[in-house]
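Report on the following structure.
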């Protein structure tokens, strides 16, 4: 899972990696900031991707604010309904970061919809966020889904076989019924992180998602975390969990 980084020499580091290590954003988002002309090195605006810096002697600013490396923090939140996971919202709805007691600038790893509940990681470690969310790593998510009608065996076969979504063949890796006598509650496994993926998949078979709860994201689960509460996890425990998971 963890991606090996190659540096130019013993002291220099890629600009996007440095921004990520300062807890501003993932490397991908850092690249976007660079291309948008929001990053300066020693007072000079930088727009070239792949630029390297000397973190000891170079002064890097994003939107005019000087950067410094921060202690990496990791929180596991059982997200309740009624909170957004985006950094900006025109409706001024409450953000999941408001549920975490920290003075550090943290951000959610991936997204959960406004009314979707379940496991959500928040951190200031952009590299870690990249490892969990980049499509090439195929980290599975497990969701409990409540539907507006019965989910038939024919529908199940279709979504396991694959349907076209966003001009791409898409499928669930597994689907299990959550109860023996009712067929409107299922658990699905997918490594997809596209917006509203689970809801849109069920729409292809004519069903609407009434409730959606993410119970696991990679090795991290909502077990023993009440809804609306969170636990802070050490960097050692985070990476031990990832290493054990990847065996």
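Bear in mind that the values in this text are calculations on the coordinates, not laboratory data. Note that this is a predicted model, so its numbers are computed, not measured. Neighbour counts run over all protein chains shown; Cβ positions are idealised from the backbone, glycine included.
Relative contact order for the range 40-146: what percent, with Cα pairs under 8 Å and sequence separation of 6 or more? Display every interim value, and only then the final one.
On the way: 124 pairs, mean separation 25.1, N = 107.
It rounds to 23 percent for the range 40-146.
Tell me, what is the FRET efficiency for residue 127 and residue 154 to the nearest 0.05, using R0 = 35 angstrom and their Cβ-Cβ distance as r? Numbers along the way, then the final one.
Details: r = 43 Å, r/R0 = 1.23.
Result of the calculation: an efficiency of 0.20.
Hey, what did the range 112-230 get for relative contact order, percent, Cα under 8 Å, at least 6 apart?
Numbers: 177 pairs, mean separation 46.3, N = 119.
Once normalised by length, the contact order is 39 percent.
Below 8 Å between Cα atoms, with a sequence gap of 6+, how large is the relative contact order for the chain in percent? Walk me through the intermediate numbers first.
Working: 459 pairs, mean separation 52.3, N = 247.
In percent, rounded to a whole number, it is 21.
Which of the following values of Cα extents along the principal axes in Å was calculated from the structure shown: [x] 63, 35, 30; [y] 66, 42, 38; [z] 49, 39, 34?
[y]
Along the Cα→Cβ direction, 7 angstrom out, place labels at residue 232 and residue 47. What is the inter-label distance in nm?
Output for this residue pair reads 4.1 nm.
Compute the length gained on full extension between residue 11 and residue 164: take 0.36 nm times their separation in residues and subtract their Cα-Cα distance, giving the result in nm to one decimal. Spell out each step's value before the answer.
On the way: separation 153, 0.36 × 153 = 55.08 nm, distance 4.75 nm.
The span from residue 11 to residue 164 would gain 50.3 nm if fully extended.
For residue 223 and residue 239 in one chain, what is 0.36 nm times their gap in residues minus the Cα-Cα distance, to one decimal in nm? List each step's numbers first, then the result.
Details: separation 16, 0.36 × 16 = 5.76 nm, distance 1.85 nm.
Between residue 223 and residue 239, full extension yields 3.9 nm more.
Just to be sure I understand the model, the point goes 7 Å from the Cα along the line to the Cβ. What's the resulting residue 189 to residue 66 distance in nm?
Computed distance between label sites residue 189 and residue 66 equals 5.0 nm.
Which log10 I(q)/I(0) values, to two decimals, does the range 13-66 give at q = 0.12, 0.20, 0.29 Å⁻¹ under the Debye formula with one point per Cα?
Each listed q corresponds, in turn, to -0.19, -0.57, -1.34.
Nearest 500 deg cm²/dmol is fine: what mean residue ellipticity at 222 nm does the chain get from its DSSP H runs of n ≥ 4 alone, each adding -39,500 (n - 2.57), divided by its residue count? Kindly include the intermediate steps, with their values, before the conclusion.
Values: 6 runs with 51 residues, N = 247.
That comes out to -5500 deg cm²/dmol.
Estimate the FRET efficiency between residue 40 and residue 102 by the formula 1/(1 + (r/R0)^6), using the beta-carbon distance for r and 35 Å for R0, to the nearest 0.05.
Details: r = 27 Å, r/R0 = 0.78.
Efficiency, from the Cβ-Cβ distance: 0.80.
Pairing the Cα long axis of helix 235-245 with the longest principal axis of the chain, what angle in degrees results, from 0 to 90 and rounded to the nearest 10?
With both axes taken from Cα atoms, the answer is about 50 degrees.
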